[in-house]
Every structure is written in C-alpha cells, then in structure tokens.
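Okay, so here's the structure we're looking at.
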Amino acid sequence: MSMELLTSNLVYIVLALIGVIGFLVYHIYSKGLQQERNIRSIATVVEELNREVFYLKKELTEIEKNLETQVPRMSDEEVYQEIERGVYDLVRPLSANMQELHENMLRIDEQIDSRIASLESGVKQISMPSYVHANDDAKIISLFKQGVSLETISKELNLSKPEVEFVLKINKIK
C-alpha cells in the first residue's frame, strides 16, 4: 500500500513539474512574441517618420523653386529703366527676404534632424530588451562590419535575429 501511495505521489509531483515547465515555456514564448511586436511597431513608426520627413523636404524644395520663379522677368528696356529709377533699393528687400527664408528653412531642417535623432534615441532606449546592453551594440556593429552574417551574430551574442537587425537599423548601419 505504501509503495502504491509513494508511486501515485511521485506521479502527481512529475505531473505538477511538467505543468510548471509548460507554463514557463508558454510565458517565455509569449513575452518573446510581445517584444517582437513592439520592435516591429516602433520600426514602422520610425519608417513613417522618415517618409514624412522626406516629403516635407521635397515640399520645401518645391516651395523654394516656386519662389525663385515668381520673380518677374523684364525686358532689357525695362531693366534699364528700373536701374535708372533705383532698382537696387527695390531688390534689396527681396534679397533680404529670400535670405531670411533660406535661413528659416535651414533652421527647420536642423530642427527636423534633431527631432528625428531624439526620437530614434528614445525609441532605442524604450524598445531595447533589458538584457541587451550598450556593449552588445558595439559588438553587433563590429561583427557586422567584419562581414559576419546576422544569424552568426545572433547566435554568438545569444540574441534574436530581429534584435540584431534592430540594433543595426537604429545605428543607421543597415
């Protein structure tokens, strides 16, 4: 009887251990999927921001071209008459306005680049798993520049391939 009791208790213990191990495997797997979804979501947002910046720069270039073509063209006779009337005084404010507009566009461009850099660093800090360290970034970049494949890098550093790709993308290497 005691042998049967011992055997049945052992069976329950083994079943309980299998259940705990199963739960742990499921938990780790679901966390990995969640992190991968977060990384993909952040990468999508960064891509959309880059696309929007591209279109804004393109629009600024078109506006600048339109402003340059809107300056009226005059015949030689009209130019001569305007020179005699003091065209220098008429052109100087336009030139100053064009210079100011150009400076404003440069400042906006710098602000856009600054905001993108800030967003990328913020995204990098938020989205990187806690077990990926800054020295892993340097190792990943170094190995990639040496020509080591992404699979090999991920195996060597015990990281997933999407994490390696993400580090390279954030650091603008790939």
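Rule-based calculations on the coordinates, nothing more; no lab input. Here the structure is a predicted model, which is why all the values come from computation and not from measurement. FYI the Cβ positions are ideal-geometry reconstructions off the backbone, even for glycines, and counts take in every protein chain you see.
Rounded to the nearest 500, what is the chain's calculated 222 nm mean residue ellipticity when only DSSP H runs of at least 4 contribute -39500 (n - 2.57) each, over all residues?
Calculated mean residue ellipticity at 222 nm is -30000 deg cm²/dmol.
Run the numbers on the chain and let me know its relative contact order in percent, using alpha-carbon pairs under 8 Å that are six or more apart.
Reported as a whole number, the value is 24 percent.
Which peptide among 22-30, 143-151 comes first, and what is the full order, when sorted by highest mean count of other Cβ atoms within 10 Å?
In decreasing order of mean packing, 22-30, 143-151 become 143-151, 22-30.
How large is ³J(HN,Hα), in whole Hz, for each residue of the range 7-23 in order, when computed from phi with the Karplus curve 6.51 cos²θ - 1.76 cosθ + 1.60 and θ = phi - 60°, using x for Gly and Pro?
Along the range 7-23, the couplings run 5, 5, 5, 5, 5, 5, 5, 5, 4, 5, 4, 4, x, 5, 5, x, 4 Hz.
Hey, in the GNM for the chain with a 10 angstrom Cα cutoff, which one of GLU62, GLU78, GLU36 fluctuates hardest?
GLU78
Sort 7-16, 96-105 for me by packing, meaning the mean count of neighbouring Cβ atoms within 10 Å per residue, highest on top.
96-105, 7-16
Which shape class, rounded, prolate or oblate, goes with the chain when its Cα gyration tensor gives a ≥ b ≥ c as root eigenvalues, a/c under 1.5 marks rounded, and past that a/b bigger than b/c marks prolate?
Prolate.
Among HIS27, LEU17, LEU101, which residue has its Cα furthest toward the positive end of the charge dipole of the chain, with +1 on Lys/Arg Cβ and -1 on Asp/Glu Cβ?
Result: LEU17.
Compute the separation of the alpha-carbon centres of the range 1-45 and the range 147-174 and state it in Å as a whole number.
Taking the Cα centre of the range 147-174 as reference, the centre of the range 1-45 is 28 Å away.
Set the Förster radius R0 to 30 Å, insert the Cβ-Cβ distance between GLU77 and ILE108 as r into 1/(1 + (r/R0)^6), and round the FRET efficiency to 0.05.
Here the calculated transfer efficiency is 0.15.
For LYS31, go through the lysines and keep the ones whose alpha-carbon is under 28 Å away, minus same-chain ones fewer than eight residues off.
LYS124, LYS139, LYS155, LYS161, LYS169, LYS172, LYS174
Using the Karplus curve 6.51 cos²θ - 1.76 cosθ + 1.60 with θ = phi - 60°, what ³J(HN,Hα) values do you get for each residue of the range 49-60, in whole Hz, with x for Gly and Pro?
Per-residue couplings from phi come out as 5, 4, 5, 5, 4, 4, 5, 5, 5, 5, 5, 4 Hz.
Report ³J(HN,Hα) in whole Hz for each residue of the range 155-165, in order, from the Karplus equation J = 6.51 cos²θ - 1.76 cosθ + 1.60 where θ = phi - 60°; Gly and Pro get x.
The phi angles translate into 5, 5, 9, 6, 10, 7, 4, x, 5, 5, 4 Hz.
As I understand it, the value is the acute angle between the Cα axis of helix 76-85 and the longest principal axis of the Cα atoms of the chain; what does it come to in degrees, rounded to 10?
It works out to around 80 degrees.
What angle do you read, to the nearest 10 degrees and between 0 and 90, between the alpha-carbon axis of helix 134-145 and the longest principal axis of the chain?
70 degrees
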